[in-house]
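Asker: Okay, here's the structure, questions in a sec.
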Amino acid sequence: MFDYRTFAMRKLLTIAPRYLPFADVATDEVPLSRLLRLSLFQVTVGMALSLLVGTLNRVMIVELSVPATLVAGMLALPLLFAPLRMFIGFKSDTHRSALGLRRVPYIWKGTLYQFGGFAIMPFALLVLSGYGEAIDAPRWIGLASAALAFLLVGAGVHMVQTVGLALATDLVKDEDHPKVVGLMYVMLLLGMVVSALTYGALLETYTPGRLIQVIQGTAVLTVGLNMLALWKQESRDRNRAQAMERAPKAHFRDAWDRVIARPGMVRLLAVIGLGTFGFGMADVLLEPYGGQALGFTVGETTQLTALFAIGTLIGFGLASRVLGQGGDPAKLANLGALLGIPGFAAIILSSSVVGPLLFLAGILATGIGAGLFGHATLTATIRGAPPEQIGLSLGTWGAVQATCAGLAVALAGVVRDVLVGVGGFSGLSANLPYNAVFTIEIAFLALAIFVTIPVAVRRG
Amino acid sequence: MSDDPDKVWPTGLNLKEAEEVHSYLIDGTRVFGAIALLAHMLVAVSTPWLG
């Protein structure tokens, strides 16, 4: 008689471990190809960011005619979750798993939320805008489901990015951290730029069906890329699993106290917050400023953003090189902020004195400054973190960084709109609202440098 | 490893490990199910397909 049991068992055993989602052994040397694969999670984060901040912002206001204040409120919802990054990072540091996994379960959960948010988002937006029969539906259905969609995407992005960065830090040796940070930033930028261009092209002629395709396509692509990224990155380890089981229960308060007690940590966080805020306000204003103050066409203003991105890439490259050779991240962050000040000054002056050339030089300088600053502050965070607190440290970095970047974008819009409104009555020049924001940015960068002065003095 | 009394035949995982793998499957199914349900209800609100 045919023995099904043995047959099935033999078949099961021939499924080689290479088809399983965990690494067989934790190797010391992590090849670049594996790191590149891991960095794909940053591409999905970039996709989500550019879809939310750029594309949907336009589509909701222009095509779906949702009130602008409601759109701004919806898009700000993910910010609420930013402080939770600390908690997510802490949870992944102290995770208990029989398989010995620490980071992968959280990346998987984050991916699920990201996917879920994108999966319901197009329908939620259509209901919100009163498409089809939804015009008769109670208002709260559209509001609640759209809010839920944005919250899910936001929560997913925060989880995936925090824990993904922690995993990348776990994988490589200390001296290679600057390279990994550079790689992660480049992939984030790449994801944002490429997806912004793609969404722009795909949604040029808007139809509700196209909106559904684009957003749900993003959902599928997110799951695909994230699965590809986390595949076999963390090893299955029984010894670590036993150590996890034996470990005493850690409390968030104690862990947090230890992070804050690290010398220079509070100052570093202040610098990150101030600097990110300073650089972040320009993001949404460069294009309209180029159009209004310098008379650039729409196509040309898109190139301004590209120029800023090129500057940022140069900044990342420089920072990776210098920090890889053992440079001091604090000094480099200062240099980045220092570059931003003349950059923004040039942007302000360009509208009245020299013109487009100075403007372009200013954009390039701020781009490089932002790249140096972002890279150096993240590297400083990683360097200061002991291995058992990497998740919490990166969560803290992310909480401060994401909150300040989001606030900066929101405030920049508010300040400009208020000044534009005032200018309409009293006949101020069209440049003034923008120049006011750029001046605020200079002030924040100066503050960021000011905070680091005591350290520089002490080191002599 | 092989002398582990909790070992689940024939995967080589022990009981706790197998339960953890299973929990990911269950959680994933629950979340996917909830999302699918919600998406269907939202579609039904804007373009009713149940008559």
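Asker: Which is farthest toward the positive dipole end of segment A:63-173 among A:VAL160, A:ALA124, A:ALA68, measuring Cα position about the Cα centre, with Cβ charges +1 (Lys, Arg) and -1 (Asp, Glu)?
Answerer: So the residue we want is A:VAL160.
Asker: Partner chain Cβ atoms within 10 Å, averaged over the residues of A:112-122 - can you pull that number for me? Kindly include the intermediate steps, with their values, before the conclusion.
Answerer: Numbers: counts 6, 2, 0, 3, 7, 1, 1, 5, 10, 2, 3.
Partner Cβ neighbours, averaged per residue: 4.
Asker: What percent does the relative contact order of chain A come to when contacts are Cα pairs within less than 8 Å and at least six residues apart? Walk me through the numbers before you get to the answer.
Answerer: On the way: 688 pairs, mean separation 110.0, N = 460.
Relative contact order for chain A comes out at 24 percent.
Asker: Using 0.36 nm per residue of separation minus the Cα-Cα distance, give me the extension gain between A:TYR206 and A:ARG246 in nm, one decimal. Before the final figure, lay out the partial values.
Answerer: Working: separation 40, 0.36 × 40 = 14.40 nm, distance 5.65 nm.
This chain segment gains 8.8 nm when fully extended.
Asker: Treating the beta-carbon of each Lys and Arg as +1 and of each Asp and Glu as -1, no other charges, what is the dipole magnitude of chain A about its Cα centre, to the nearest 20 debye?
Answerer: Working: 33 positive and 25 negative charges, 288 e Å.
Dipole size: approximately 1380 debye.
Asker: Next question, about the same structure. Would you mind computing, in nm to one decimal, how far apart the modelled labels at A:ASP254 and A:SER429 are, each placed 7 Å from Cα along Cα→Cβ?
Answerer: Going from the A:ASP254 label point to the A:SER429 one covers 6.1 nm.
Asker: Here are some pairs, A:LYS249/B:LYS16; A:LYS91/A:LYS232; A:LYS11/A:LYS91; which of them have Cα atoms lying more than 31 Å apart in this structure?
Answerer: A:LYS11/A:LYS91
Asker: Sort A:90-97, A:325-332, A:361-368 by the packing proxy (mean of other Cβ within 10 Å over each peptide's residues), most packed first. Show your work: numbers first, answer last.
Answerer: Working: A:90-97: 20.2, A:325-332: 16.5, A:361-368: 24.0.
The packing order, highest mean first, is A:361-368, A:90-97, A:325-332.
Asker: Report, in degrees rounded to the nearest 10, the 0 to 90 angle that the Cα long axis of helix A:84-93 makes with the longest principal axis of chain A.
Answerer: 30
Asker: Tell me, A:LEU358, A:LEU128 in order of fewest to most beta-carbon neighbours within 10 Å? The partial results should precede the final answer.
Answerer: Working: A:LEU358 18, A:LEU128 27.
Ordered by Cβ neighbours within 10 Å, fewest first: A:LEU358, A:LEU128.
Asker: What ranking do A:GLU287, A:GLU441, A:GLU175 get, fewest neighbouring Cβ atoms within 10 angstrom at the top? Don't jump to the answer; show the numbers that get you there.
Answerer: Numbers: A:GLU287 18, A:GLU441 26, A:GLU175 11.
So the ranking, lowest neighbour count to highest, is A:GLU175, A:GLU287, A:GLU441.
Asker: Along the positive direction of the dipole of chain A (beta-carbon charges: Lys, Arg +1; Asp, Glu -1; about the Cα centre), which of A:PHE373, A:ALA241, A:SER39 reaches farthest?
Answerer: The listed residue farthest towards the positive side: A:ALA241.
Asker: Per-residue counts of other Cβ atoms within 10 Å, averaged by peptide: what ranking do you get for A:162-172, A:265-275, highest first?
Answerer: Working: A:162-172: 25.4, A:265-275: 21.3.
Going by the mean number of other Cβ atoms within 10 Å, highest first, we get A:162-172, A:265-275.
Asker: Provide, as a two-decimal number, the C-alpha radius of gyration of the protein assembly as shown over 2.2 N^0.38 Å, N being how many residues it has. Display every interim value, and only then the final one.
Answerer: Details: Rg = 24.8 Å, N = 511, 2.2 N^0.38 = 23.5 Å.
It is 1.05.
Asker: If you don't mind, there's one more thing I want to ask. What's the local net charge at A:PRO178, with K and R +1, D and E -1, over the other residues with C-beta under 11 Å away? Numbers along the way, then the final one.
Answerer: Values: positive: A:LYS179, A:ARG321, A:ARG383; negative: A:ASP174, A:GLU175, A:ASP176.
That works out to 0.
Asker: What is the fewest-to-most order of A:TRP397, B:TRP49, A:TRP108, A:TRP256 by other Cβ atoms lying within 10 Å of their Cβ?
Answerer: Numbers: A:TRP397 24, B:TRP49 7, A:TRP108 21, A:TRP256 16.
In order of increasing Cβ crowding within 10 Å: B:TRP49, A:TRP256, A:TRP108, A:TRP397.
Asker: Using only Cα positions of segment A:213-310, each an equal point scatterer, no hydration layer, compute I(q)/I(0) via Debye at q = 0.14, 0.16 Å⁻¹ and quote the log10 values to two decimals.
Answerer: Once normalised to I(0) and log-transformed, intensities are -1.01, -1.03.
Asker: Summing +1 for each Lys or Arg and -1 for each Asp or Glu, what net charge is found among the other residues whose Cβ lies under 14 Å from the Cβ of A:LEU202?
Answerer: Working: positive: A:ARG58, A:ARG210; negative: A:GLU63, A:GLU204.
Cβ neighbours under 14 Å give a net charge of 0.
Asker: How many Cβ atoms of partner chains, on average, are near each residue of A:436-447 if near means within 10 Å of its Cβ? If you can, show how the numbers build up before the last one.
Answerer: Working: counts 0, 0, 0, 0, 0, 0, 0, 0, 0, 0, 0, 0.
Average per residue, whole number: 0.
Asker: With θ set to phi - 60°, apply the Karplus curve 6.51 cos²θ - 1.76 cosθ + 1.60 along segment A:362-376 and write out the HN-Hα couplings as whole Hz, x wherever there is a Gly or Pro.
Answerer: Whole-Hz 3J(HN,Hα) from phi for segment A:362-376: x, 5, 4, 5, 5, x, 4, x, 5, x, 4, 5, x, 4, 5.
Asker: Could you tell me what % of all Cα pairs in segment A:35-92 have separations over 20 Å? Don't jump to the answer; show the numbers that get you there.
Answerer: Details: 725 of 1653 pairs.
For segment A:35-92, the share of Cα pairs beyond 20 Å comes to 44 percent.
Asker: Once amide H atoms are built 1.01 Å from N in the peptide plane, which residues 5 or more positions from B:ASN14, or in another chain, come under 5 Å H to H?
Answerer: Counting only residues 5 or more places away or on other chains, the set is B:VAL8.
Asker: Related question: So how much slack lies between A:ARG139 and A:GLN213, counting 0.36 nm per residue of separation and subtracting their Cα-Cα distance, in nm?
Answerer: Numbers: separation 74, 0.36 × 74 = 26.64 nm, distance 2.45 nm.
Result: 24.2 nm gained on full extension.
Asker: In nm, to one decimal, how far is the B:TRP49 label point from the A:SER235 one, both placed 7 Å along Cα→Cβ?
Answerer: Here the modelled spin labels are 4.8 nm apart.
Asker: Once every DSSP H run of n ≥ 4 in the protein assembly as shown is given -39500 (n - 2.57) and the sum is divided by its residues, what mean residue ellipticity at 222 nm do you get, rounded to the nearest 500 deg cm²/dmol?
Answerer: -25500 deg cm²/dmol
Asker: Can you give the local net charge around A:ASN226? Use residues other than it whose beta-carbon is closer than 13 angstrom to its beta-carbon, Lys and Arg +1, Asp and Glu -1. The partial results should precede the final answer.
Answerer: Numbers: positive: A:ARG37, A:ARG103, A:LYS109; negative: none.
Summing Lys/Arg as +1 and Asp/Glu as -1 gives +3.
Asker: Can you list residues from other chains, or at least 5 along the same chain, whose modelled amide H is less than 5 Å from the amide H of A:SER235?
Answerer: A:ALA23
Asker: Now for a separate question. If the viscosity is 0.890 mPa s and the temperature 25 °C, what Stokes-Einstein diffusion coefficient in µm²/s follows for segment A:143-297 when Rh is the Kirkwood radius over Cα pairs?
Answerer: On the way: Rh = 20.3 Å.
For the chosen part, D equals 121 µm²/s.
Asker: Further question on the same structure: Which whole-number percent gives the relative contact order of segment A:229-343, counting Cα pairs below 8 Å spaced six or more residues apart? Walk me through the intermediate numbers first.
Answerer: Details: 20 pairs, mean separation 16.9, N = 115.
Relative contact order here is 15 percent.
Asker: Partner chain Cβ atoms within 10 Å, averaged over the residues of A:105-111 - can you pull that number for me? Display every interim value, and only then the final one.
Answerer: Details: counts 4, 0, 0, 3, 4, 0, 1.
Mean partner-chain Cβ count within 10 Å for A:105-111: 2.
Asker: Quick one: Debye curve from the alpha-carbon atoms of segment A:317-390 only, equal weights, vacuum; give me log10 I(q)/I(0) at q = 0.20, 0.27 Å⁻¹ to two decimals.
Answerer: Each listed q maps to, in turn, -0.77, -1.06.
Asker: Please sort A:69-77, A:151-159, A:247-255, A:219-227 by packing, taking for each peptide the average over its residues of neighbouring beta carbons within 10 angstrom, highest first.
Answerer: Working: A:69-77: 16.3, A:151-159: 25.7, A:247-255: 11.0, A:219-227: 18.6.
Top to bottom by mean Cβ count within 10 Å: A:151-159, A:219-227, A:69-77, A:247-255.
Only the coordinates and a few stated rules stand behind these numbers; no lab work does. Source: prediction; values computed, not measured. Heads up, the Cβs are rebuilt from the backbone with ideal geometry, glycines too, and the neighbour counts pull from every protein chain shown.
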